[in-house]
Amino acid sequence: MKNKFLKNSPKVLLATAELNPIAKVGGLADVLGSLPFALKELGCETRLIMPKYGCVDVKKYQLKKIVSLNIDFSGLKKTNLWQGVLAKGVKVYFIEQKEYFNNKEVYWGNNEERFLFFSLAVCEFLPFLKFKPRIIHCHDYHTALIPSILKQYRTEKKFKAQDDFKTVYTIHNLNYQGVSSLSLLDKIILPNKEKLSAIIAKQIPAAVINNQINFMVAGIISADKITTVSPTYAKEITTSQYGAGLEKLINKYKNKLSGILNGIDESLINPNKDQSLVLNYSPKTLIKKTINKLALQKEVGLKEDGKAPLIAMICRFTEQKGLELINEQMLKLNYKGKKEIESQFVFLGTGEEKYQKTLLNLAQKYPKRFNLQYKFDPQLAQRIYAASDIFLVPSRFEPCGLTQMFAMRYGSVPLVRETGGLKDTVNSKNGFSFHDFSTKQFLMTLEKALEVYLSNPKSWQKLQFQGMTQDFSWRKSAQAYLKLYKSFK
Ligand code: GLC
(Lines give C-alpha, C1' and ligand atoms only; values in the text may rest on other atoms or scores of the structure.)
Protein backbone atom coordinates (compact mmCIF):
# COMPACT_ATOMS: atom_id res chain seq x y z
CA MET A 1 0.00 0.00 0.00
CA LYS A 2 1.35 3.41 -0.95
CA ASN A 3 1.38 6.10 1.65
CA LYS A 4 -1.19 8.76 1.01
CA PHE A 5 -0.66 11.07 3.91
CA LEU A 6 -2.48 14.36 3.82
CA LYS A 7 -0.30 17.44 4.05
CA ASN A 8 -2.32 19.23 6.68
CA SER A 9 -2.58 16.13 8.84
CA PRO A 10 -0.40 16.16 11.97
CA LYS A 11 2.23 13.43 12.32
CA VAL A 12 1.77 11.33 15.40
CA LEU A 13 4.04 9.14 17.49
CA LEU A 14 2.27 6.63 19.75
CA ALA A 15 4.30 5.46 22.75
CA THR A 16 3.18 2.16 24.26
CA ALA A 17 4.16 -0.84 26.38
CA GLU A 18 1.93 -3.23 24.43
CA LEU A 19 1.12 -3.77 20.77
CA ASN A 20 -0.91 -6.51 19.17
CA PRO A 21 0.29 -8.86 17.66
CA ILE A 22 3.82 -8.30 18.96
CA ALA A 23 3.33 -8.08 22.72
CA LYS A 24 -0.13 -8.42 24.22
CA VAL A 25 -1.31 -8.64 27.79
CA GLY A 26 -4.63 -6.81 27.64
CA GLY A 27 -6.87 -4.50 25.65
CA LEU A 28 -4.14 -1.84 25.46
CA ALA A 29 -2.38 -4.00 22.86
CA ASP A 30 -5.54 -4.35 20.76
CA VAL A 31 -6.08 -0.61 20.70
CA LEU A 32 -2.51 0.17 19.67
CA GLY A 33 -2.65 -2.64 17.13
CA SER A 34 -5.59 -1.03 15.34
CA LEU A 35 -5.63 2.74 15.84
CA PRO A 36 -2.56 3.56 13.67
CA PHE A 37 -4.08 1.75 10.68
CA ALA A 38 -7.37 3.58 11.05
CA LEU A 39 -5.51 6.90 11.32
CA LYS A 40 -3.45 6.01 8.27
CA GLU A 41 -6.63 5.46 6.30
CA LEU A 42 -7.65 9.01 7.22
CA GLY A 43 -4.36 10.29 5.83
CA CYS A 44 -2.70 10.79 9.22
CA GLU A 45 0.83 9.42 9.44
CA THR A 46 1.22 7.53 12.68
CA ARG A 47 4.23 5.64 13.96
CA LEU A 48 4.69 3.68 17.15
CA ILE A 49 7.49 3.35 19.67
CA MET A 50 7.77 0.46 22.13
CA PRO A 51 10.39 -1.61 23.96
CA LYS A 52 12.18 -4.33 22.03
CA TYR A 53 11.12 -7.28 24.18
CA GLY A 54 12.66 -10.70 23.73
CA CYS A 55 9.53 -11.78 21.85
CA VAL A 56 9.96 -9.26 19.02
CA ASP A 57 10.52 -11.15 15.76
CA VAL A 58 13.39 -9.34 14.03
CA LYS A 59 12.82 -11.01 10.64
CA LYS A 60 9.06 -10.84 10.53
CA TYR A 61 8.96 -7.10 11.22
CA GLN A 62 12.08 -6.37 9.11
CA LEU A 63 13.94 -4.70 11.95
CA LYS A 64 16.85 -2.42 11.11
CA LYS A 65 19.09 -0.76 13.64
CA ILE A 66 19.07 3.04 13.33
CA VAL A 67 21.29 4.38 16.10
CA SER A 68 22.86 3.55 19.47
CA LEU A 69 23.08 5.89 22.45
CA ASN A 70 24.55 5.65 25.90
CA ILE A 71 21.68 6.86 28.00
CA ASP A 72 22.45 8.14 31.46
CA PHE A 73 20.11 6.48 33.94
CA SER A 74 22.26 6.48 37.03
CA GLY A 75 25.12 5.17 34.95
CA LEU A 76 25.36 4.89 31.18
CA LYS A 77 23.15 2.27 29.57
CA LYS A 78 23.83 1.19 26.03
CA THR A 79 20.56 1.47 24.17
CA ASN A 80 19.71 0.81 20.53
CA LEU A 81 16.95 2.19 18.41
CA TRP A 82 15.50 -0.11 15.76
CA GLN A 83 12.87 0.47 13.13
CA GLY A 84 10.43 -2.17 11.93
CA VAL A 85 7.34 -2.38 9.76
CA LEU A 86 3.90 -3.80 10.55
CA ALA A 87 1.61 -5.51 8.05
CA LYS A 88 0.10 -2.48 6.35
CA GLY A 89 3.29 -0.46 6.20
CA VAL A 90 2.92 1.21 9.59
CA LYS A 91 6.36 1.87 11.08
CA VAL A 92 7.34 0.93 14.60
CA TYR A 93 10.43 1.99 16.53
CA PHE A 94 11.82 -0.42 19.08
CA ILE A 95 14.00 0.52 22.01
CA GLU A 96 16.51 -2.17 22.87
CA GLN A 97 18.07 -2.26 26.31
CA LYS A 98 19.18 -5.69 27.41
CA GLU A 99 18.82 -5.28 31.16
CA TYR A 100 15.22 -4.07 31.00
CA PHE A 101 13.67 -5.55 27.89
CA ASN A 102 15.46 -8.72 26.89
CA ASN A 103 12.85 -10.88 28.60
CA LYS A 104 9.90 -12.17 26.54
CA GLU A 105 7.41 -10.92 29.11
CA VAL A 106 6.04 -7.39 29.01
CA TYR A 107 5.57 -6.97 32.76
CA TRP A 108 8.01 -8.35 35.33
CA GLY A 109 10.38 -7.05 38.00
CA ASN A 110 10.34 -3.35 38.76
CA ASN A 111 7.94 -2.14 36.08
CA GLU A 112 8.08 1.49 37.21
CA GLU A 113 11.84 1.51 36.80
CA ARG A 114 11.76 -0.32 33.45
CA PHE A 115 9.14 1.95 31.94
CA LEU A 116 10.67 5.09 33.38
CA PHE A 117 13.78 4.14 31.47
CA PHE A 118 11.68 3.50 28.36
CA SER A 119 10.07 6.94 28.72
CA LEU A 120 13.46 8.62 29.01
CA ALA A 121 14.75 6.69 26.01
CA VAL A 122 11.74 7.80 23.91
CA CYS A 123 12.62 11.42 24.67
CA GLU A 124 16.32 10.88 23.99
CA PHE A 125 15.73 9.17 20.65
CA LEU A 126 13.19 11.71 19.38
CA PRO A 127 15.75 13.72 17.39
CA PHE A 128 16.99 10.51 15.70
CA LEU A 129 13.71 9.22 14.34
CA LYS A 130 13.83 10.74 10.85
CA PHE A 131 10.24 11.58 11.58
CA LYS A 132 9.09 14.77 13.18
CA PRO A 133 5.91 14.11 15.09
CA ARG A 134 3.69 17.03 15.97
CA ILE A 135 1.92 14.91 18.58
CA ILE A 136 3.41 12.48 21.08
CA HIS A 137 0.55 10.30 22.21
CA CYS A 138 1.30 8.37 25.41
CA HIS A 139 -0.69 5.41 26.72
CA ASP A 140 -1.21 4.39 30.34
CA TYR A 141 1.09 4.92 33.28
CA HIS A 142 4.08 3.27 31.57
CA THR A 143 4.58 6.32 29.37
CA ALA A 144 2.93 8.92 31.61
CA LEU A 145 6.19 10.66 32.49
CA ILE A 146 7.06 11.44 28.88
CA PRO A 147 5.10 14.74 28.89
CA SER A 148 6.89 15.92 32.05
CA ILE A 149 10.35 15.04 30.69
CA LEU A 150 9.63 16.63 27.31
CA LYS A 151 8.33 19.79 28.93
CA GLN A 152 11.57 20.07 30.81
CA TYR A 153 13.67 19.38 27.71
CA ARG A 154 11.81 22.16 25.96
CA THR A 155 12.26 24.65 28.82
CA GLU A 156 15.92 23.86 28.91
CA LYS A 157 16.12 24.18 25.12
CA LYS A 158 17.41 20.68 24.55
CA PHE A 159 15.31 20.66 21.38
CA LYS A 160 15.34 23.16 18.55
CA ALA A 161 12.57 25.73 18.50
CA GLN A 162 10.85 24.10 15.51
CA ASP A 163 10.54 20.81 17.39
CA ASP A 164 7.32 22.00 18.84
CA PHE A 165 5.24 18.98 19.76
CA LYS A 166 2.16 18.54 21.86
CA THR A 167 1.37 15.65 24.15
CA VAL A 168 -1.76 13.56 24.55
CA TYR A 169 -2.13 11.07 27.39
CA THR A 170 -4.68 8.26 27.19
CA ILE A 171 -5.90 6.50 30.31
CA HIS A 172 -6.86 2.93 29.51
CA ASN A 173 -7.28 2.00 33.13
CA LEU A 174 -7.15 4.48 35.98
CA ASN A 175 -6.57 1.75 38.53
CA TYR A 176 -3.03 0.99 37.39
CA GLN A 177 -1.32 4.25 38.34
CA GLY A 178 2.36 3.35 38.61
CA VAL A 179 3.54 4.35 42.06
CA SER A 180 7.15 4.25 43.19
CA SER A 181 9.48 5.96 45.60
CA LEU A 182 10.33 9.47 44.40
CA SER A 183 14.02 8.61 44.56
CA LEU A 184 13.57 6.45 41.44
CA LEU A 185 13.44 9.71 39.51
CA ASP A 186 16.92 10.59 40.81
CA LYS A 187 18.13 8.34 38.00
CA ILE A 188 17.26 11.02 35.48
CA ILE A 189 19.47 14.08 35.39
CA LEU A 190 18.06 16.83 33.23
CA PRO A 191 20.14 18.96 30.84
CA ASN A 192 20.42 21.73 33.48
CA LYS A 193 21.96 19.10 35.83
CA GLU A 194 18.95 18.98 38.10
CA LYS A 195 17.37 15.66 39.03
CA LEU A 196 13.94 14.89 37.58
CA SER A 197 12.76 14.10 41.13
CA ALA A 198 13.55 17.66 42.26
CA ILE A 199 11.85 19.23 39.24
CA ILE A 200 8.69 17.14 39.65
CA ALA A 201 8.53 17.87 43.38
CA LYS A 202 8.84 21.58 42.60
CA GLN A 203 6.66 21.87 39.53
CA ILE A 204 3.97 19.26 40.02
CA PRO A 205 3.89 18.58 43.77
CA ALA A 206 0.50 16.89 43.40
CA ALA A 207 2.29 13.97 41.69
CA VAL A 208 4.28 13.33 44.86
CA ILE A 209 2.34 11.80 47.71
CA ASN A 210 4.20 10.68 50.86
CA ASN A 211 7.50 10.78 49.03
CA GLN A 212 6.10 8.56 46.32
CA ILE A 213 5.79 9.50 42.69
CA ASN A 214 2.48 8.71 41.01
CA PHE A 215 3.11 8.36 37.25
CA MET A 216 -0.57 8.63 36.36
CA VAL A 217 -0.93 11.93 38.21
CA ALA A 218 2.13 13.34 36.46
CA GLY A 219 0.63 12.35 33.08
CA ILE A 220 -2.73 13.92 33.89
CA ILE A 221 -1.15 17.22 34.94
CA SER A 222 1.58 17.51 32.33
CA ALA A 223 -0.07 16.32 29.11
CA ASP A 224 -1.66 18.95 26.89
CA LYS A 225 -4.77 16.80 26.45
CA ILE A 226 -6.02 13.72 28.26
CA THR A 227 -8.38 11.14 26.86
CA THR A 228 -9.90 7.97 28.11
CA VAL A 229 -11.43 5.13 26.20
CA SER A 230 -15.17 5.80 26.43
CA PRO A 231 -17.39 8.83 27.05
CA THR A 232 -19.07 7.22 30.07
CA TYR A 233 -15.74 6.35 31.73
CA ALA A 234 -14.61 9.93 31.17
CA LYS A 235 -17.58 11.06 33.25
CA GLU A 236 -17.30 8.27 35.81
CA ILE A 237 -13.69 9.00 36.74
CA THR A 238 -14.69 12.41 38.03
CA THR A 239 -16.68 10.65 40.79
CA SER A 240 -15.44 9.02 43.99
CA GLN A 241 -16.96 5.66 42.97
CA TYR A 242 -14.72 5.35 39.91
CA GLY A 243 -11.99 7.95 40.40
CA ALA A 244 -9.56 5.58 42.20
CA GLY A 245 -8.66 8.41 44.57
CA LEU A 246 -7.86 10.83 41.72
CA GLU A 247 -11.38 12.20 41.17
CA LYS A 248 -10.58 15.66 42.59
CA LEU A 249 -7.54 15.99 40.39
CA ILE A 250 -9.44 14.77 37.33
CA ASN A 251 -12.21 17.26 38.02
CA LYS A 252 -9.63 20.01 38.14
CA TYR A 253 -8.35 19.05 34.69
CA LYS A 254 -11.63 18.00 33.14
CA ASN A 255 -11.50 20.74 30.52
CA LYS A 256 -8.69 18.94 28.78
CA LEU A 257 -10.29 15.49 29.20
CA SER A 258 -12.43 13.71 26.62
CA GLY A 259 -13.73 10.17 26.15
CA ILE A 260 -13.21 8.47 22.80
CA LEU A 261 -14.71 5.03 22.43
CA ASN A 262 -12.39 2.28 21.23
CA GLY A 263 -13.26 0.40 18.10
CA ILE A 264 -12.43 -3.12 17.01
CA ASP A 265 -10.60 -4.32 13.94
CA GLU A 266 -13.53 -5.60 11.88
CA SER A 267 -11.26 -7.22 9.31
CA LEU A 268 -9.79 -9.49 12.01
CA ILE A 269 -12.91 -9.95 14.12
CA ASN A 270 -15.10 -11.55 11.50
CA PRO A 271 -16.86 -14.92 11.89
CA ASN A 272 -17.12 -15.23 8.13
CA LYS A 273 -13.34 -15.22 7.67
CA ASP A 274 -12.01 -16.52 10.99
CA GLN A 275 -9.66 -19.45 10.30
CA SER A 276 -9.92 -20.83 13.84
CA LEU A 277 -13.62 -21.75 13.50
CA VAL A 278 -14.85 -25.14 12.30
CA LEU A 279 -17.41 -23.39 10.13
CA ASN A 280 -17.61 -19.77 9.09
CA TYR A 281 -20.90 -17.89 9.18
CA SER A 282 -22.46 -14.48 8.67
CA PRO A 283 -25.65 -12.80 9.91
CA LYS A 284 -27.47 -14.57 7.06
CA THR A 285 -26.18 -18.03 7.95
CA LEU A 286 -26.54 -17.90 11.72
CA ILE A 287 -27.78 -21.49 11.75
CA LYS A 288 -24.15 -22.55 11.30
CA LYS A 289 -23.32 -21.11 14.69
CA THR A 290 -24.77 -24.29 16.23
CA ILE A 291 -22.06 -26.37 14.52
CA ASN A 292 -19.48 -24.18 16.23
CA LYS A 293 -21.27 -24.72 19.53
CA LEU A 294 -21.27 -28.51 19.16
CA ALA A 295 -17.57 -28.45 18.20
CA LEU A 296 -16.64 -26.40 21.23
CA GLN A 297 -18.69 -28.55 23.59
CA LYS A 298 -16.77 -31.53 22.26
CA GLU A 299 -13.43 -29.72 22.44
CA VAL A 300 -13.77 -28.75 26.09
CA GLY A 301 -15.82 -31.72 27.31
CA LEU A 302 -19.24 -30.17 27.89
CA LYS A 303 -22.39 -32.15 27.03
CA GLU A 304 -22.85 -31.99 23.27
CA ASP A 305 -26.23 -30.35 22.96
CA GLY A 306 -27.01 -27.73 20.33
CA LYS A 307 -30.09 -26.58 22.22
CA ALA A 308 -28.46 -25.92 25.59
CA PRO A 309 -27.81 -22.19 26.02
CA LEU A 310 -24.05 -21.69 26.18
CA ILE A 311 -22.86 -18.78 28.30
CA ALA A 312 -19.26 -17.56 28.10
CA MET A 313 -16.87 -15.22 29.85
CA ILE A 314 -13.35 -14.35 28.68
CA CYS A 315 -11.19 -12.00 30.72
CA ARG A 316 -8.29 -11.50 33.07
CA PHE A 317 -9.49 -12.92 36.39
CA THR A 318 -9.13 -9.74 38.43
CA GLU A 319 -11.38 -7.78 40.76
CA GLN A 320 -12.32 -5.36 37.97
CA LYS A 321 -14.12 -8.06 36.01
CA GLY A 322 -16.88 -8.72 38.54
CA LEU A 323 -16.13 -12.37 39.23
CA GLU A 324 -17.66 -12.05 42.72
CA LEU A 325 -21.03 -12.24 40.99
CA ILE A 326 -20.27 -15.68 39.60
CA ASN A 327 -21.60 -18.53 41.74
CA GLU A 328 -23.53 -21.77 41.74
CA GLN A 329 -26.91 -20.04 41.61
CA MET A 330 -26.22 -19.30 37.94
CA LEU A 331 -26.64 -22.98 37.24
CA LYS A 332 -29.92 -23.21 39.09
CA LEU A 333 -32.01 -20.64 37.28
CA ASN A 334 -35.54 -21.60 36.33
CA TYR A 335 -37.44 -21.24 33.10
CA LYS A 336 -40.53 -19.10 33.77
CA GLY A 337 -40.13 -19.86 37.46
CA LYS A 338 -40.68 -23.60 36.91
CA LYS A 339 -38.17 -25.91 35.26
CA GLU A 340 -34.41 -25.70 35.90
CA ILE A 341 -32.58 -24.50 32.80
CA GLU A 342 -29.89 -26.87 31.49
CA SER A 343 -27.52 -24.05 30.67
CA GLN A 344 -23.78 -24.45 30.10
CA PHE A 345 -20.86 -22.19 30.97
CA VAL A 346 -17.36 -21.78 29.60
CA PHE A 347 -14.79 -19.46 31.19
CA LEU A 348 -11.45 -18.61 29.60
CA GLY A 349 -8.66 -16.58 31.17
CA THR A 350 -5.92 -16.42 33.75
CA GLY A 351 -5.44 -14.32 36.85
CA GLU A 352 -5.82 -14.34 40.59
CA GLU A 353 -5.87 -17.63 42.41
CA LYS A 354 -8.99 -16.97 44.47
CA TYR A 355 -11.08 -16.64 41.31
CA GLN A 356 -9.47 -19.66 39.75
CA LYS A 357 -10.47 -21.64 42.85
CA THR A 358 -14.14 -20.62 42.72
CA LEU A 359 -14.34 -21.43 39.02
CA LEU A 360 -12.51 -24.71 39.43
CA ASN A 361 -14.92 -25.78 42.19
CA LEU A 362 -17.86 -25.18 39.87
CA ALA A 363 -16.13 -27.05 37.06
CA GLN A 364 -15.51 -30.04 39.34
CA LYS A 365 -19.04 -30.09 40.66
CA TYR A 366 -20.69 -29.70 37.24
CA PRO A 367 -18.26 -31.21 34.72
CA LYS A 368 -20.79 -31.40 31.88
CA ARG A 369 -22.20 -27.93 32.45
CA PHE A 370 -19.35 -25.74 33.65
CA ASN A 371 -15.92 -25.59 32.03
CA LEU A 372 -12.86 -23.61 32.96
CA GLN A 373 -10.03 -23.03 30.48
CA TYR A 374 -7.34 -21.52 32.66
CA LYS A 375 -5.02 -20.12 30.01
CA PHE A 376 -4.35 -17.34 27.53
CA ASP A 377 -5.43 -18.64 24.13
CA PRO A 378 -6.62 -16.12 21.52
CA GLN A 379 -7.70 -18.81 19.04
CA LEU A 380 -9.78 -20.64 21.60
CA ALA A 381 -11.26 -17.27 22.53
CA GLN A 382 -12.48 -16.87 18.98
CA ARG A 383 -14.05 -20.32 18.97
CA ILE A 384 -15.81 -19.43 22.21
CA TYR A 385 -17.21 -16.20 20.78
CA ALA A 386 -18.52 -18.23 17.84
CA ALA A 387 -19.95 -21.05 19.95
CA SER A 388 -21.59 -19.08 22.74
CA ASP A 389 -25.11 -17.67 22.89
CA ILE A 390 -24.63 -15.26 25.79
CA PHE A 391 -21.45 -13.39 26.71
CA LEU A 392 -20.94 -12.08 30.24
CA VAL A 393 -19.14 -8.85 31.13
CA PRO A 394 -20.35 -8.02 34.66
CA SER A 395 -17.44 -5.67 35.43
CA ARG A 396 -17.27 -3.45 38.51
CA PHE A 397 -15.82 -0.83 36.20
CA GLU A 398 -14.79 -1.04 32.57
CA PRO A 399 -13.00 1.84 30.84
CA CYS A 400 -14.09 0.53 27.45
CA GLY A 401 -14.11 -3.24 27.20
CA LEU A 402 -13.56 -4.88 23.86
CA THR A 403 -14.85 -8.41 24.44
CA GLN A 404 -18.50 -7.35 24.39
CA MET A 405 -17.91 -5.94 20.91
CA PHE A 406 -16.03 -9.06 19.77
CA ALA A 407 -18.90 -11.19 21.08
CA MET A 408 -21.52 -9.13 19.26
CA ARG A 409 -19.67 -9.52 15.96
CA TYR A 410 -19.91 -13.29 16.47
CA GLY A 411 -23.63 -13.23 17.29
CA SER A 412 -23.11 -13.91 20.99
CA VAL A 413 -25.47 -11.62 22.90
CA PRO A 414 -23.74 -9.59 25.63
CA LEU A 415 -24.97 -9.34 29.19
CA VAL A 416 -23.11 -6.50 30.87
CA ARG A 417 -23.07 -4.20 33.84
CA GLU A 418 -23.94 -0.61 32.94
CA THR A 419 -20.56 1.01 33.38
CA GLY A 420 -17.93 2.72 31.21
CA GLY A 421 -17.69 1.53 27.64
CA LEU A 422 -20.12 -1.31 28.34
CA LYS A 423 -22.82 1.29 28.83
CA ASP A 424 -21.78 3.03 25.62
CA THR A 425 -21.92 -0.11 23.47
CA VAL A 426 -24.67 -2.36 24.85
CA ASN A 427 -28.36 -1.47 24.90
CA SER A 428 -31.73 -3.22 24.83
CA LYS A 429 -31.54 -3.63 21.04
CA ASN A 430 -28.33 -5.65 21.07
CA GLY A 431 -28.07 -7.15 24.55
CA PHE A 432 -28.92 -7.13 28.24
CA SER A 433 -27.64 -5.01 31.08
CA PHE A 434 -28.02 -4.40 34.79
CA HIS A 435 -27.18 -1.42 36.92
CA ASP A 436 -26.18 -2.32 40.49
CA PHE A 437 -23.19 -4.48 41.20
CA SER A 438 -25.30 -7.13 42.92
CA THR A 439 -25.71 -10.88 42.50
CA LYS A 440 -29.46 -10.44 42.60
CA GLN A 441 -29.58 -8.03 39.66
CA PHE A 442 -27.07 -10.06 37.72
CA LEU A 443 -29.00 -13.32 38.16
CA MET A 444 -32.34 -11.69 37.35
CA THR A 445 -30.88 -10.32 34.12
CA LEU A 446 -29.35 -13.66 33.20
CA GLU A 447 -32.67 -15.37 33.83
CA LYS A 448 -34.40 -12.83 31.63
CA ALA A 449 -31.86 -13.35 28.84
CA LEU A 450 -32.26 -17.12 29.06
CA GLU A 451 -36.02 -16.83 28.87
CA VAL A 452 -35.82 -14.79 25.67
CA TYR A 453 -33.32 -17.26 24.25
CA LEU A 454 -35.51 -20.27 25.04
CA SER A 455 -38.95 -18.93 24.27
CA ASN A 456 -38.54 -16.26 21.66
CA PRO A 457 -36.09 -17.21 18.89
CA LYS A 458 -37.24 -14.33 16.68
CA SER A 459 -36.39 -11.68 19.29
CA TRP A 460 -33.13 -13.49 19.94
CA GLN A 461 -32.17 -13.38 16.27
CA LYS A 462 -32.97 -9.69 16.20
CA LEU A 463 -30.56 -9.07 19.07
CA GLN A 464 -27.90 -11.13 17.31
CA PHE A 465 -28.44 -9.42 13.98
CA GLN A 466 -28.25 -5.97 15.54
CA GLY A 467 -24.95 -6.79 17.28
CA MET A 468 -23.42 -8.41 14.22
CA THR A 469 -24.21 -5.57 11.85
CA GLN A 470 -23.57 -2.59 14.13
CA ASP A 471 -20.62 -0.35 13.25
CA PHE A 472 -17.88 -0.91 15.84
CA SER A 473 -15.11 -0.03 13.42
CA TRP A 474 -12.19 2.19 14.33
CA ARG A 475 -13.12 4.75 11.72
CA LYS A 476 -15.33 6.87 13.97
CA SER A 477 -12.87 6.77 16.86
CA ALA A 478 -9.92 7.54 14.62
CA GLN A 479 -11.81 10.57 13.32
CA ALA A 480 -12.29 11.74 16.90
CA TYR A 481 -8.57 11.32 17.65
CA LEU A 482 -7.65 13.16 14.48
CA LYS A 483 -9.95 16.02 15.44
CA LEU A 484 -8.22 16.17 18.81
CA TYR A 485 -4.74 16.14 17.20
CA LYS A 486 -5.81 18.93 14.88
CA SER A 487 -7.22 21.00 17.74
CA PHE A 488 -3.72 22.16 18.69
CA LYS A 489 -2.93 25.50 17.12
C1 GLC B 1 -7.90 -1.63 29.61
C2 GLC B 1 -9.33 -1.50 30.14
C3 GLC B 1 -10.36 -1.93 29.11
C4 GLC B 1 -10.08 -1.24 27.77
C5 GLC B 1 -8.65 -1.49 27.35
C6 GLC B 1 -8.30 -0.79 26.04
O7 GLC B 1 -7.55 -2.98 29.52
O8 GLC B 1 -9.50 -2.25 31.33
O9 GLC B 1 -11.67 -1.59 29.53
O10 GLC B 1 -10.97 -1.74 26.80
O11 GLC B 1 -7.75 -1.02 28.33
O12 GLC B 1 -8.48 0.59 26.07
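The values are calculated or read from the model by the stated rules, or taken from the named source; none is laboratory data. Keep in mind that this is a model prediction, so the values were computed, not measured. Methodologically, a virtual Cβ is constructed for each residue, glycine included, from the backbone with ideal geometry; neighbour enumeration extends over all protein chains shown.
Considering each of A201, A206 in turn, give the residue that is more than 21 Å from F118 (Cβ to Cβ) and without any contact (Cβ under 8 Å) to a residue 24 or more places away in the chain.
Numbers: A206 fails: without any contact (Cβ under 8 Å) to a residue 24 or more places away in the chain.
So the residue among A201, A206 that is more than 21 Å from F118 (Cβ to Cβ) and without any contact (Cβ under 8 Å) to a residue 24 or more places away in the chain is A201.
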**OP:** For N175, indicate whether it is within 16 Å of the ligand (Cβ to nearest atom) and modelled with pLDDT of 95 or more.
**Re:** yes
Original post:
If you scan the range 442-451, which residues turn out to be crowded, with 17+ Cβ neighbours inside 10 Å and free of Cβ contacts under 8 Å to residues at least 40 places away in the same chain?
Top reply: T445
Subject >> Qualifying helices (runs of 4 or more DSSP H) (wholly inside the range 379-477; at least 2 residues being more than 14 Å from the ligand (Cβ to nearest atom)) >> reply: 403-409, 439-455, 457-469
Original post:
Checking Q83 against (1) part of a strand (DSSP E or B); (2) in contact with a Lys or Arg (Cβ under 8 Å, 6 or more places away or on another chain); (3) touching a residue at least 40 places away in the same chain (Cβ under 8 Å); (4) more than 16 Å from the ligand (Cβ to nearest atom), which single condition isn't satisfied?
Top reply: (3)
**OP:** Report, ordered by the first and then the second residue, all pairs with beta carbons closer than 7 Å, sequence separation of six or more or different chains, a first member in the range 223-248 that is touching a residue at least 60 places away in the same chain (Cβ under 8 Å), and a second member that is in a loop (DSSP other than H, G, I, E, B) and among the small types (G, A, S).
**Re:** I237/G243
**OP:** Determine which single condition L310 fails, assuming it passes every other condition in (1) within 16 Å of the ligand (Cβ to nearest atom); (2) buried (at least 20 other Cβ atoms within 10 Å of the Cβ); (3) of a type in the set (A, V, I, L, M, F, W, C); (4) in contact (Cβ under 8 Å) with a residue 60 or more places away in the chain.
**Re:** (1)
**OP:** Answer yes or no as to whether F159 is more than 24 Å from I237 (Cα to Cα), modelled with pLDDT under 95 and in the same structural domain as Y100 (by TED's automatic domain parsing).
**Re:** yes
Subject >> Given (1) away from the ligand (no atom under 16 Å from the Cβ); (2) without any contact (Cβ under 8 Å) to a residue 40 or more places away in the chain, number of the condition A218 does not satisfy >> reply: (2)
Subject >> Filter result (closer than 20 Å to G27 by Cβ, surrounded by fewer than 24 Cβ atoms within 10 Å (Cβ to Cβ) and small (G, A, S)) within the range 397-437 >> reply: S433
Subject >> Sole residue being part of a strand (DSSP E or B) and either over 21 Å from V229 (Cβ atoms) or away from the ligand (no atom under 16 Å from the Cβ) (or both), chosen from K77, K40 >> reply: K77
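Residues to consider are P133, P127; find the one that is more than 14 Å from the ligand (Cβ to nearest atom) and closer than 22 Å to Y481 by Cα.
One residue alone meets the criteria, P133.
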